[in-house]
Each structure stands twice: as structure tokens, then as C-alpha cells.
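Input: a single structure, listed below in C-alpha cells.
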Amino acid sequence: MAVTGVVLAGFIVGHLLGNLQIFIGRDTFNGYAEGLKKLHVLLWGTRAALLVSVALHIWSTIQLAARRSSARPVAYQKYTAQTSSYASRTMYMSGPIVAAFIVYHLLHFTIGVGGTPYDAGDPYGNVVAGFKVIPVALAYVIAMGLLCLHLRHGLASFLQTLGVNHPAYTPKIKLAASLIAGLIFLGFSSIPVAVMAGVVS
Amino acid sequence: MRLVFHIWRQATASAPGKMVRYESANMNPDMSMLEALDVLNEELITQGTEPVVFEHDCREGICGSCGFMINGIAHGPLARTTVCQLTLRHFKDGEELYLEPWRASAFPVLKDLMVDRASFDRIIAAGGYCSVPAGSPQDANALLIPKPEADRAMDAAACIGCGACVAACPNASASLFTGAKITHLGLMPQGQPEREIRALRMVRQMNGEGFGHCGNIGECEAVCPKGISIEVIARMNRDFAGASITERPKSGAAEDGA
Ligand code: HEM
Ligand code: FES
């Protein structure tokens, strides 16, 4: 869970940096996309690593969920959370919704069957056309909000899982996790927002 | 002082249970929660009703016998306090209190608010000890332990094994308990020889008992009456990972040793 989560999070950062090139302009963005398609080994290597990571991450989720319900077969009539964060308590909700989003996202921009105009040679145009549809753009923003929540807990939690906890560093690690998760949200959301606002067209 | 109780009543381990409402006007703000149940039980006995079973021993917060959920919080609303030390002055007159037993498949309910925590004993038996020769004691200062290490070991050793950590965890994980024992012994020189085998055996026993997996949520440390930090869980994970990687296949002679 920790290792696959970090692999996925690492990809998220790279993907964000790539996508932000949309603000430079159509040619840069399309050139970047074109370049990626030429790097066959890198492209398919990354896709394979991501597929394996997603599969293992979801497999761990299923196992942990099964253990969770068998470890507490009778629920409390009343349960009052004390200090845990909303993000940490909703990992089993934010995760599956993000998974559903990933499927939609691939259908939308990679395969081109998302229901908005699609031209395989013009990723920039696809993004603009996609986000001109307000419900689609909002769905992306909401999904990024959930990914942000997932990572807010996950990016600090994976270090605890791997055995890192120290009174001097752990508060800073939690702060850094929140900041990174927040930046990921703002970065990804800026694109649909910019298209809706007409800044990218 | 008047209190309304909704208490989980379950006659035997296999019988179905349910929440039952009781009311008593004979409460006193200076009573502990267990004394409140004593008073309620006196009333139940005079009414010909079975008294509520709950576990207790020292009633001074050190033995770890007592514990149940009060309004969804393990050991009730006061931090770092067991139910035996929790006084009624922390509740309002006429307040409704929901008392439920710890819920975990590894802590089966025996009766009412009492659960069987033998699973904790088996985790300890799996490795929560130092195998020392029981000869004559050595000189007191023969083993030097730096004060900060001794303090941290003592903080972990404060665990009374009450089970609140399991009860509060959404996954019903016993990681805080097991981590506290592994940390307590692993910080002492006497605990070093068996440090790896201890982590392996205790964690495996914990998993085998059917406790859930830690999600690093932190509810356990919030309700721990001894304020033990989830730092001990990270240390357990570290010791377990290290020991798993270096574990050797069993060879005849070293069968049961470290
Ligand atoms: C972009 C996609 C994703 C990223 C970057 C990501 C990242 C992470 C990270 C870093 C962790 C912490 C691991 C640890 O503490 O050991 C985590 C935990 C978790 N992830 Fe994901 N994840 C993603 C997608 C998903 C999906 C699709 C699901 C569900 C199907 C999911 C379900 C979970 C759950 C339930 C946990 C908590 C496990 C626990 O409580 O121990 N995640 N994730
Ligand atoms: S009865 Fe001993 S800790 Fe509460």
C-alpha cells in the first residue's frame, strides 16, 4: 500500500508538471504530448508500472477492507472520532472514487470516448473542448479535491507505515503532505478553471 | 444528580445483545463511572433485575481491567483517564450516556460490558518478555542505560493493556498495544538479544488473532489513558520490516532461541 501509493503519487507530480505546459501554449503542449508518444520505452514502461501499482494498491485496499470488517463485525451504536482527520477516515471512499475518475479520465483524453469532441493529433484542443462542458470540468475539479484529500493522509501515512516517526520531523511531514496535496489540487484544477474562464482557449 | 444510561446487555458470549435504558437519580458528581454503575446495580438488584457486568480491579487507573465506550469514546470524554478514574462531574445533570463494550472480533463479549482480552495475553506470550537467567541479581549499575532511552522505554511501558486502542481504532487494530511492548523492551539493553524475533513473533501473533491493520489514523493515541504515541507503531513497523528481511530459515540447533 505504502510503496504503490508513493509510485502513484510520484506519477501524479510528473503528470501535473507536464500538464501545466498547457499555459505556455498549444504548440508547446502538443509538442510535449507528441514527444511522449515517441519515447516508446518510457511511455510503455511508465504505463506498465502504473498499471501494476494501481492493481496492487487496489488489491491491498480489498484485503485491508476485508480485514477491517472481519476485525469489527459488530459496529458501535455510537462512535465519536477524537483526533483523526477527515481525510484519514475517508480513505476507503476517496480512493474508489478516484479509481472511477481514472477510468473516466482515460476514456476521455487517452481513448477519446468521453463524449466531448476528440482529435488524436490535438491534445490541447481536446482539453479545451472537454472543459468547455461545465459539468465535465466540475467533475474534474471535484475528483482532484478527493485526490487531494487522499494524498493529504496518504503522503504522511506512508512514512509512518515504513517506520518513520520522530517528534521533530513528523509534524513537519504532515504539514508537507498537506501542502503538496493542496498544490496538486490547485495545479490540476487550474486547467479546467482556466478553460471555463476563457484564459486557455 | 440524575443520569440516563443506555447499556449494552448481553447474557452470554453467544446470546444476542441489545441496548437497554436505565435511569438513576442517585448519582453524585464525586462518584467515578464505576461507582455510578455500582449504585445503578444496587438499584437493579432491588428491582430483581440482573446487575450490569463490567470488569474492574484497582480502580486507580493502573491495572487496565476496566474500560468501555461512553458515547462512542473509549474510556469516555476525559483524555488520559480510565473509566475507573472518570468522575461524574464531567457530565451534565440528566445527561444520556451510551455504554458499549469494546468491539473487536479478537475481544469477544463475555457478558454486558465485559470482553475477553486473552488475545492480548497471547501476544505477550508470543514474545513480550526477556528470557533472562534467573540467577542472583547483578550489580545495579552494571548495565548503563542513557536517561532519555530509559524515559522513552518507561513511556511505552506505561501501557496497562486495557484495550482502548483497539476499541477506538476504526480497523480494530492492536498496533498501539503491540508497538508499546516492542518499544518498551526494544529500548532496553536487556531486550536487545531477542529484539528481532520478538517483533516477528508478536506481530504475527497479533495478525493471527484477527485484529485489523493499522491505517495510521491516530484514534488510538487520542484515547490511550497513558498517552502512548503512535511513534511506537512506527518503531514496530521498523523492527518488523528489518527482522523480516534478515530472517533466516530455521536450522535445527537454534530452533527456539533468538
Ligand atoms: C492517483 C491515485 C492514488 C494515489 C496517488 C494514492 C496514494 C496513496 C498513498 C500514498 C497511501 C498511503 C499508504 C500508507 O499509508 O501505507 C494510500 C492509501 C490508501 N489508498 Fe490510495 N492512492 C491512489 C488511488 C487509490 C485508489 C484508486 C484506491 C481505491 C480503490 C485507493 C485506496 C486507498 C486506501 C483505502 C488507502 C488507506 C489504506 C489504510 O488505511 O491503510 N487509493 N494511497
Ligand atoms: S480498574 Fe484498574 S485501571 Fe480501571
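Checked against the criteria, B:Ile7 counts as out of contact with any helix residue (DSSP H, G or I) (no Cβ under 6 Å at 6 or more places or on another chain) and outside any helix (DSSP H, G or I). Of the residues making up the range B:22-29, one or more are in contact with a Leu (Cβ under 7 Å, 6 or more places away or on another chain), part of a loop (DSSP other than H, G, I, E, B) and among the polar types (S, T, N, Q). Tallying residues that are buried (at least 23 other Cβ atoms within 10 Å of the Cβ) and within 14 Å of chain A (Cβ to nearest Cβ) within the range B:113-150 yields 3. Would the range A:184-193 turn up any residue that is within 30 Å of B:Ala241 (Cα to Cα), at pLDDT 95 or above and buried (at least 21 other Cβ atoms within 10 Å of the Cβ)? Looking through the range A:184-193, none of the residues is within 30 Å of B:Ala241 (Cα to Cα), at pLDDT 95 or above and buried (at least 21 other Cβ atoms within 10 Å of the Cβ). Against the conditions (1) away from ligand 1 (no atom under 16 Å from the Cβ); (2) in contact (Cβ under 8 Å) with a residue 40 or more places away in the chain; (3) not acidic (Asp, Glu), B:Cys220 satisfies every one except (1).
For the range B:30-78, the set of residues classified as away from ligand 2 (no atom under 13 Å from the Cβ), of a type outside the set (A, V, I, L, M, F, W, C) and assigned to a loop (DSSP other than H, G, I, E, B) consists of B:Asp30, B:Gln47, B:Gly48, B:Thr49, B:Glu50, B:Pro51, B:Asn71, B:Gly72, B:Pro77, listed by residue number.
What about B:Ala164, is it modelled with pLDDT of 95 or more and buried (at least 17 other Cβ atoms within 10 Å of the Cβ)? Spelling it out, B:Ala164 is indeed modelled with pLDDT of 95 or more and buried (at least 17 other Cβ atoms within 10 Å of the Cβ).
Here's the yes/no breakdown for (1) part of a loop (DSSP other than H, G, I, E, B); (2) surrounded by 17 or more Cβ atoms within 10 Å (Cβ to Cβ):
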site: A:Thr80; (1), (2): yes, no
site: A:Ala87; (1), (2): no, yes
site: A:Met93; (1), (2): no, no
site: A:Ile102; (1), (2): no, no
site: A:Asp119; (1), (2): yes, no
site: A:Tyr124; (1), (2): no, yes
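Looking across B:Ile228, B:Ile245, one residue alone is more than 16 Å from ligand 1 (Cβ to nearest atom) and crowded, with 23+ Cβ neighbours inside 10 Å. It is B:Ile228.
Only residues that are touching a residue at least 24 places away in the same chain (Cβ under 8 Å) and either in contact with a Pro (Cβ under 6 Å, 6 or more places away or on another chain) or closer than 30 Å to B:Ala234 by Cα (or both) were counted across the range A:169-201, and they come to 7. Is there a residue in the range B:156-173 that is hydroxyl-bearing (Ser, Thr, Tyr), touching a strand residue (DSSP E or B) at 6+ places or on another chain (Cβ under 9 Å) and in contact (Cβ under 8 Å) with a residue 12 or more places away in the chain? Scanning the range B:156-173 turns up at least one residue that is hydroxyl-bearing (Ser, Thr, Tyr), touching a strand residue (DSSP E or B) at 6+ places or on another chain (Cβ under 9 Å) and in contact (Cβ under 8 Å) with a residue 12 or more places away in the chain.
The values are calculated or read from the model by the stated rules, or taken from the named source; none is laboratory data. Note that this is a predicted model, so its numbers are computed, not measured. So basically every Cβ, Gly included, is an ideal-geometry build from the backbone, and we count neighbours across all protein chains shown.
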